[in-house]
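What follows is a single structure, written as structure tokens, with notes after it.
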Amino acid sequence: MFALSFFKLAAACTTTTKGGIAPGLYDNLCSNGTDMFSSLTDIWIVVANVIRILVALGGALAVIFIIVGGLFYVVSSGDPGRIKRAKDILKESIIGLIITLIAYSAITFIAAQF
């Protein structure tokens, strides 16, 4: 059941908006909540949508870890080991967020070509 609902989300099959979640990339894949695939390009659009969902989750996780790293830094109580750990978390989270933003830009650019 989860796989089917995730697939419909990736295909942007919603009955509340015409053409899915957003115009452009998601157009003409659904009609009244049913999948309408007619070519390989439609499958690539679904793959791009799945990747965009995963990139969004990665970005959200990066932001959460930035908050966690900040909290670790605040509660470090001046302990050099805990400060280093907090700084490492912050550094790696920011690097992850930058990579996620680059990946999102690349996927959006590539998906716009279809």
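The values are calculated or read from the model by the stated rules, or taken from the named source; none is laboratory data. Only a predicted model underlies this, so the values are computations on that prediction, with no experimental measurement involved. Positions of Cβ are generated from backbone atoms using ideal geometry, with glycine treated the same way; all protein chains shown enter the neighbour counts.
Quick check on my filter: what residues within the stretch 93-114 are part of a helix (DSSP H, G or I) and over 11 Å from residue 48 (Cα atoms)? Across the stretch 93-114, the qualifying residues are 93, 94, 95, 96, 97, 98, 99, 100, 101, 102, 103, 105. Screening the candidates 67, 95, 51 for the property of being within 26 Å of residue 107 (Cα to Cα) and exposed (fewer than 14 other Cβ atoms within 10 Å of the Cβ) yields one hit, 95.
I'm trying to understand the selection: among the residues of the stretch 70-92, which are surrounded by 11 or more Cβ atoms within 10 Å (Cβ to Cβ) and among the hydroxyl-bearing types (Ser, Thr, Tyr)?
Looking only at the stretch 70-92, we keep the residues that are surrounded by 11 or more Cβ atoms within 10 Å (Cβ to Cβ), and these are 70-73, 76, 79, 82-92.
Passing the criteria: 73, 76.
Within the stretch 98-114, the residues that satisfy the criterion of being more than 29 Å from residue 70 (Cβ to Cβ) and loosely packed, with under 13 Cβ neighbours inside 10 Å are 109, 110, 112, 113, 114. Looking at the stretch 58-114 only, could you name the residues that are closer than 21 Å to residue 44 by Cβ and acidic (Asp, Glu)? The answer is none; no residue qualifies. Considering 78, 70, 24, 20, the condition of being outside any helix (DSSP H, G or I), modelled with pLDDT of 55 or more and not β-branched (Val, Ile, Thr) is satisfied by 78 alone.
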